[in-house]
Amino acid sequence: MTVVHEAKKDSSYKGTSSKAIVHHYDFLGDFYRLTLGPELVYSYGMWEAGDTLESAQLRKLDYHAEAARAVGAKRVLDVGCGWGSLMRRLVETHHVDHVVGLTMSPGQAAWVRDQQWPGCEIRVENWFDHEPADLYDAIIAIEAIEHFAGNTMWRARRIARYRAFFQRCHSWLKPAGRLSIQANTWNDRGWLASLMLPPQQLAQPGETPGARERLGPKALYGGIKNIREGLHASRKVFPECFLPTPAELREASRGLFRVEEERNDRDDGVATVQSWLERSEANRARGAELIGESAVSDIIREQRTALRFLREGRFTSVRMVFEKA
Ligand SMILES: C[S@@+](CC[C@H](N)C(=O)[O-])C[C@H]1O[C@@H](n2cnc3c(N)ncnc32)[C@H](O)[C@@H]1O
């Protein structure tokens, strides 16, 4: 049976507010749902040759189920469960008894509740306020951490917020339990360098940067244009979100978790955004009827920017598997 609970109103949480979540997932969400494919997975897939968006998404869900050792588990937590694709996959394919999914979007929760998937408990609840009924065998958080720290926080405050998340997960997991995370992350040199530097000077984990050069007027102009596009995306499409760097996540988890695996899957980001963008363009007219032409244009502009930023290595997709220390 699925149950919906209301979020606490007195939270001192400083990440993306409920209002901003509702704008993105419940208002713009009507358009995203036209473009995400039948499972409504709203995160990068895991692509192999010959894949469709759907098969790449299922591979990604299976990867996290196995990485977190959730297969056959009794209790699994999905932090930031979206429209429930992972919850469903865990109970139907991976024989999990009970999955708790947290979302801040009432629209997503209502949609999941209406599916009546057995073994799935959906909660409109911030992880910050979550008090589990029992320990979890595994926790999975796919592209939710981008919401956990505000864009006006200094690095140390952001790390403290990510650490609060790792502390909660540590206390909710059984001994040696695993947490599997997928996140969009800036280049490890930080958000400003990620936006300002020419692509040949940027390298994601496992990649080698080109030689450093002095920044000429062309590079400076390019950097300013990137900042303008980043601000547009942040104002119109992803309000109150901020990407971590992989180094920040490592630092925030230190002493609580061992990093068992870290993958830089930038190509998966490129392939997924390319596919979303094609679908967005194909659904432009229908989308305009649902959310208005200007909101659709904002989304398409953001997706074009995201595709370019991924290709240029300004941000990437990381998958990190943590084991409770
Ligand atoms: C980009 S979606 C990813 C959804 C899903 N994991 C997927 O792959 O399809 C991010 C999700 O995180 C949720 N979220 C954001 N901040 C949250 C918070 N503080 N607590 C719980 N969920 C949160 C949103 O409501 C949304 O469901």
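Can you spot the aspartates and glutamates whose alpha carbon is less than 12 Å from K174's alpha carbon? Ignore those fewer than 8 places along the same chain.
Counting by Cα, and skipping residues close in sequence, K174 has these aspartates and glutamates nearby: D134, D137, E323.
By per-residue mean of other Cβ atoms within 10 Å, what is the highest-first order of 102-115, 305-318, 190-203? Walk me through the intermediate numbers first.
Numbers: 102-115: 20.2, 305-318: 21.7, 190-203: 17.9.
Highest to lowest by the protection proxy: 305-318, 102-115, 190-203.
Once you place label points 7 Å from the Cα toward the Cβ at A211 and S234, how far apart are they in nm?
3.4 nm
Between 0 and 90 degrees, rounded to the nearest ten: what's the tilt of helix 106-115 against the longest Cα principal axis of the chain?
Tilt relative to the chain: about 50 degrees.
Taking only DSSP H segments of four or more residues, each worth -39500 (n - 2.57), what value at 222 nm results for the chain once the sum is divided by all its residues, to the nearest 500 deg cm²/dmol?
After summing the helix terms and dividing by residue count, I get -13500 deg cm²/dmol.
How would you classify segment 33-156 from its alpha-carbon gyration tensor, with a ≥ b ≥ c the square roots of the eigenvalues: rounded for a/c under 1.5, else prolate if a/b is greater than b/c, otherwise oblate?
rounded
May I ask which residue of G177, A149, V76 lies farthest towards the positive end of the charge dipole of segment 60-188, with charges of +1 (Lys, Arg) and -1 (Asp, Glu) on Cβ and the Cα centre as origin?
Positive-end residue among those listed: A149.
Pull up all non-local amide H partners of C81: gap of 5 or more, or a different chain, and H-to-H distance under 5 Å with H placed in the peptide plane.
L102, T103
So if each residue of separation counts as 0.36 nm, and I subtract the Cα-Cα distance between A160 and A219, what length gain in nm does that give? Don't skip to the answer; put the middle values down first.
Details: separation 59, 0.36 × 59 = 21.24 nm, distance 3.33 nm.
Computed gain between A160 and A219 is 17.9 nm.
Per-residue HN-Hα couplings for segment 124-133, Karplus 6.51 cos²θ - 1.76 cosθ + 1.60 at θ = phi - 60°, whole Hz, x for Gly and Pro?
Ordered by residue, 3J(HN,Hα) equals 7, 7, 6, 4, 4, 9, 6, 10, x, 6 Hz.
For the ranges 144-151, 17-24, what's the packing order if you count other beta-carbon atoms within 10 Å of each residue, average per peptide, and put the highest first?
On the way: 144-151: 22.1, 17-24: 17.6.
Put in order of decreasing packing, that is 144-151, 17-24.
Counting C-alpha atoms alone, how compact is the chain: give Rg to one decimal and Dmax as a whole number, in angstrom.
19.0, 61
Taking amide H positions as placed 1.01 Å from N in the peptide plane, with prolines and chain starts having none, which residues 5 or more places from E260, or on another chain, fall under 5 Å of its amide H?
Residues meeting the amide H criterion: V321, F322, E323.
What's the local net charge at D26, with K and R +1, D and E -1, over the other residues with C-beta under 13 Å away?
Net of charged neighbours comes to +1.
At 0.36 nm per residue, and after removing the present C-alpha to C-alpha distance, how many nm does the segment from A133 to E293 gain when stretched out fully?
Working: separation 160, 0.36 × 160 = 57.60 nm, distance 4.46 nm.
Stretched out fully, the A133 to E293 stretch lengthens by 53.1 nm.
For the chain, find the longest principal axis of its Cα atoms and tell me its angle to the long axis of helix 293-311, 0 to 90°, nearest 10.
Value to nearest ten degrees: 80.
I need the trypsin sites (Lys or Arg not before Pro) found in segment 179-225, filtered to DSSP loop residues with at most 16 other beta carbons within 10 Å of theirs.
On the way: sites: R189, R212, R214, K218, K225; in loops: R189, R212, R214.
Within segment 179-225, the qualifying trypsin sites (Lys or Arg not before Pro) (loop, at most 16 other Cβ atoms within 10 Å) are R189, R212, R214.
Using only the alpha-carbon atoms, how far is helix 53-67 inclined from the longest principal axis of the chain? Give it as 0 to 90 degrees, nearest 10.
60 degrees
No lab work stands behind these numbers, since they all come straight from the coordinates. The shown structure was predicted, so the numbers you read here are calculated from the model rather than taken from an experiment. Glycine gets a Cβ as well: all are built from the backbone with ideal geometry, and neighbour counts include every protein chain shown.
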